[in-house]
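Here the structure is laid out as C-alpha cells; the discussion comes afterwards.
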Amino acid sequence: MKLDRRLIWAIGVIGLASVLWLLITIGLIASTLAPEQRALVAEQLAPRFVLIGMTWLFGLVSIAATLRWLFRRYASAPARLLEQTRVLLAAPQAAPMNHHGTKETKALAEAIFQLATQRDTLRADVAEQIAQANFSVQQEKSRLAALMAELTQSVVVCNLDGRIILYNSRARLQFKALSVAPTLAGGAELIGIGRSIYAVFDRQLVAHALESIQQRSLRGAASPSAQFVTSTQAGQLLKVQMAPVRNADAAGGVAEISGFVLMLENVTRAFEEEHLRDQLLHGLTEGSRSSLANMQAALDMLAYPDLEPPMRERFLSVVREEVHSMSARITDLTQQATQGLKARWPLEEMLGADVLLASQRRIEARSKRSVTLENLDAAIWLKVDSFSLTQALDYLAMRLVDEFDVRFFRLRLQASGNRAQLDLIWSGQVMSTETVMSWEMDSMRFGLDSTPLTVRDVVERHGGEMWFERERIRHEAFFRFLLPLASVQEQLEATQILQNDSRPEFYDFDLFQSSDQSSALEDRLLNELSFTVFDTETTGLQPSEGDEIIQIGAARIVNGKLLRQESFEQLVNPGRLIPAATIPIHGITQNMVKGQPPITEVLPAFYTFAQDTVLVAHNAAFDMKFLQMQERHTGLVFRHPVLDTLLLSAVVHPNQESHRLEAIAERFNITVLGRHTALGDALVTAEVWLRLIPLLQAMGINTLRQAREAAQKTYYARLKY
C-alpha cells in the first residue's frame, strides 16, 4: 500500500520540530555557560555529533512507525469504512463489510450493515409493490417477446436512429448468415440490442423507405409499409418489408412514428433460381427461333413441285432434325423446371425423433394399433415436409390394417451416409410387388377424407426413394423411405432456436426513448453510452517480446443492462507454442487452438462487434497493447475510447489495499465464475463496471471525459506494457 501524503507531511513536520527543539535546547543551555565551559562542551560533543544524529534518526523512525500504525488504525479505518459504506449505497443488496479497524469503527460498520439490511428489506417491499403495479405491462411485453421468439420470419424492431431494440431468434440466425465471417464467435458481430441496423443496410435506403411510409401515413393510409431489396457486404440479397411503430399517445392525437419494424427474407437462392429459369427460357427461345427459321426455309423449298427427290429428302431431314432438337430442348427445360419445383417446396429442419413421435400418435389414433419406436437418435435431423410424410406413413398403415389385418407396427430410423432410412415394419402376410406399386400410385384416402397426393408424390417431394423389403428369417416386412438429412449448419441453427429460452435478453423497449446526441462522445453521460467489456487470454505477459492472444471474450452493456447472450468468444491460433507454465492459469492447451483461426481473421470480427461503443477492460493497458501490436498485420486501429476498471476502482476506493479483479468483485458481492477465461473475466468486469458507474456519479464524475481524466490521475495509470 502506498504511503498517504498526510502521513508523509506529519513525519516531516515532526522531524523538523525535533531538530528545532534540539537546537533551541542547545542554545538555551549554551547561554547559561561561560565561554570556557561552552568551548569545553563543544570540544567533548564534536566527535559525538554522528552518534547524536543517529540517535535522532532512530527516534524519528520510531516516531514515524508509531504514527503510521496510529494513522492506519485511527485515520485510514474511517476512510475505508466510508468507501465500504458507499459500496453499500450503490450495491443492489448489502453484503457483510468485513471491516478491519478499531473497536469503535467495527461497531459502526455493523450498525451501518444493519441499516443497509433494513434498506434492502424496504427496497424489496417497494419492488414487490411496483412489480404488482406493472404486472400487466410486463405481461404484455413478455407476450410480445414470446410471439417474436417463435416467429419463423426474421423480425427486427428499431428506433428512429436505427438502433435495434428487439429481434427474434430467426433474425439472429439471419444476421449470422450475413456475416463476412459467420464461423467466428458465432457470427455475433452484426446484431444486438443497441447496435445500428446500418451495419447491414445503407442508411439512405432505410431513410428513403421511412420517408415513403411517413408520406403515405400523412395521406391517410391505415397501414403504410414499404419494401426494398438490397445486397449485403457478404454478397447476400435481402428482401425487406418495413412497417412503422407508432406512438399513439402523442399530443394532439396524431400518431407519431417512433420506430420501424423490418421483416427480412434472404432471397439469394430464389434470385439465383429465377436467374437460372430466365437463362433456360432465353436458351429455349433463341434455340427455337433458329430451329423455326431453318424449318421455315426447308418448308418453303419443299413447296416447289419440281424439287428433285434427293433435295426433297435433304430438306425433310432438316425438318426432322430441327423438330428433334426442339423436342430435346423442351424435354430438358421440363425436367429442370420440375426439379426446381421440387426444390422450392418448403421443407423444414426437424428432429427425426419428433417425426417418429408424430407418426406414432397419428397411426395409433386412426388404426387403433400399437406402434413402437426404435433408434430414437437425438442426433438425426431430417429436412422434411412432416405433414405429408406422416400422412404417407398413416395411409400405408391403414391399408395394411384394412387388407391384411396387421396387429402392430414398429417405426425405425437410422442414418445411412448422407440420407436417413425411415422404416414402417410389421409382421404378417406377405404382399406382392404389384400391390405395393398400386398403393404407391393411388391417391391417399383416410375414411371420408382424401388428398390428391400419392405416396410417390410425397417421396418425390423429398427427393428421396421408397421401396418394399422382406426379412424372411424374422418373418417381417417393411416399407423403407430414404429421406434427406438436414445439413450440419441447418442442424446447428435449429438447435440454437430450440435451446434459446432467454427471451428477455432480446429486447429493450426503453431504447425507444433514446436518440443520438449532437454532443461529442467525450461529453456524453456514462449512463447514455454503450460499452463493449472485453478480456484477452495470452501466451504470456510480454506483448513486445512475442507473446500472442489465444482467446478473446467480450460482452455488451446497452442502456445500463448487461446483454449476456450477445457475447463474443473465440479461441485464436497464436502461431506459436503455448508455454506449459501458463496452461494451468487459463486452461487453454495447444490442441484447443489447433485449427482455430489466426488473430488476423478474429480481430476484424471483434472490431465490428465493438463498433460504436466504449471499450472497457480491467487493466486495459495490457489488453490494448496486444491489440495495438496487431495494427500492422490487420490494418485495424482501435480508436475507441477506453475505460479501465482497475483505475476507476482506485478513483472511488483510494484507501483499499487491493484493486485486483477478485478483490473488487468481493467488495461488490459479485460471484466470480469462469475466472481466467476471456468471456468469464469480461462478464465479471462488466458487473464491476455497472457497480462503479453510480459511485463515480456520486463523486461528480458523470461524463466519459471526466471518467478518463480521473483515471489518468491515479497511481496505477503509470503502468506501461
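Could you say which residue among Ala297, Ala303 is exposed (fewer than 11 other Cβ atoms within 10 Å of the Cβ) and free of Cβ contacts under 8 Å to residues at least 24 places away in the same chain?
Ala303
Please go through (1) at pLDDT 80 or above; (2) not in a helix (DSSP H, G or I) for Ala209 and return the number of the only condition it doesn't satisfy.
Here Ala209 meets the rest and fails (2).
Is there any pair linking a residue in segment 559-574 that is not assigned by TED's automatic domain parsing to the domain that holds Trp689 to one that is at pLDDT below 90, with Cβ under 8 Å and at least six apart or on different chains, and which?
Close Cβ pairs satisfying both conditions: none exist.
Counting just the residues of segment 420-458 that are touching a Leu at 6+ places or on another chain (Cβ under 9 Å) and in contact (Cβ under 8 Å) with a residue 60 or more places away in the chain, which one comes out surrounded by the fewest Cβ atoms within 10 Å (Cβ to Cβ)?
Gln421
Take segment 328-360 and flag every residue that is charged (D, E, K, R) and either outside any helix (DSSP H, G or I) or at pLDDT below 60 (or both).
Scanning segment 328-360 gives Lys342, Arg344, Glu348, Glu349.
What pairs come up if the first residue lies in segment 703-720 and is over 16 Å from Leu692 (Cα atoms) and surrounded by fewer than 15 Cβ atoms within 10 Å (Cβ to Cβ), the second is modelled with pLDDT of 85 or more and among the β-branched types (Val, Ile, Thr), and their beta carbons are under 9 Å apart, counting only those six or more places apart or on different chains?
Close Cβ pairs (under 9 Å, with a partner that is modelled with pLDDT of 85 or more and among the β-branched types (Val, Ile, Thr)) amount to Lys713/Val651.
What number of residues in segment 374-406 are assigned to a loop (DSSP other than H, G, I, E, B) and either among the hydroxyl-bearing types (Ser, Thr, Tyr) or outside the structural domain of Thr454 (by TED's automatic domain parsing) (or both)?
So the answer is 0.
Give me the residue from segment 378-405 that is without any contact (Cβ under 8 Å) to a residue 40 or more places away in the chain, over 16 Å from Glu469 (Cα atoms) and more than 33 Å from the chain's Cα centre (by Cα) and, out of that set, surrounded by the most Cβ atoms within 10 Å (Cβ to Cβ).
So, considering only residues that are without any contact (Cβ under 8 Å) to a residue 40 or more places away in the chain, over 16 Å from Glu469 (Cα atoms) and more than 33 Å from the chain's Cα centre (by Cα), the one surrounded by the most Cβ atoms within 10 Å (Cβ to Cβ) is Thr390.
Name every residue in segment 624-647 that is in contact with a strand residue (DSSP E or B) (Cβ under 9 Å, 6 or more places away or on another chain) and buried (at least 21 other Cβ atoms within 10 Å of the Cβ), in order of residue number.
Leu627, Leu643, Asp644, Thr645, Leu646
Looking only at segment 190-204, how many residues end up being basic (Lys, Arg) and in a helix (DSSP H, G or I)?
1
Would you call Glu548 within 25 Å of the chain's Cα centre (by Cα) and more than 30 Å from Ile193 (Cα to Cα)?
Numbers: within 25 Å of the chain's Cα centre (by Cα): yes; more than 30 Å from Ile193 (Cα to Cα): yes.
When the stated conditions are applied, Glu548 passes them.
Would you mention how many residues in segment 638-658 are closer than 25 Å to Leu525 by Cα and in a loop (DSSP other than H, G, I, E, B)?
Total satisfying the criteria: 6.
Spot the failing condition for Ser416; the list is (1) touching a helix residue (DSSP H, G or I) at 6+ places or on another chain (Cβ under 7 Å); (2) in contact (Cβ under 8 Å) with a residue 40 or more places away in the chain; (3) of a type in the set (Ser, Thr, Tyr), and only one is missed.
Of everything listed in (1) touching a helix residue (DSSP H, G or I) at 6+ places or on another chain (Cβ under 7 Å); (2) in contact (Cβ under 8 Å) with a residue 40 or more places away in the chain; (3) of a type in the set (Ser, Thr, Tyr), Ser416 misses just condition (1).
Pick out, from segment 516-623, the helices (runs of 4 or more DSSP H) lying fully within it that include 1 or more residues that are exposed (fewer than 14 other Cβ atoms within 10 Å of the Cβ).
Qualifying helices (runs of 4 or more DSSP H): 583-586, 590-593.
Pull up segment 352-368, narrow it to residues that are closer than 16 Å to Gly447 by Cα and touching a residue at least 12 places away in the same chain (Cβ under 8 Å), then point me to the one that is surrounded by the most Cβ atoms within 10 Å (Cβ to Cβ).
Ile363
The values are calculated or read from the model by the stated rules, or taken from the named source; none is laboratory data. Predicted, not measured: the structure shown is a model, and the values here were computed from it. Positions of Cβ are backbone-derived with ideal geometry, glycine not excepted, and every protein chain shown enters the neighbour counts.
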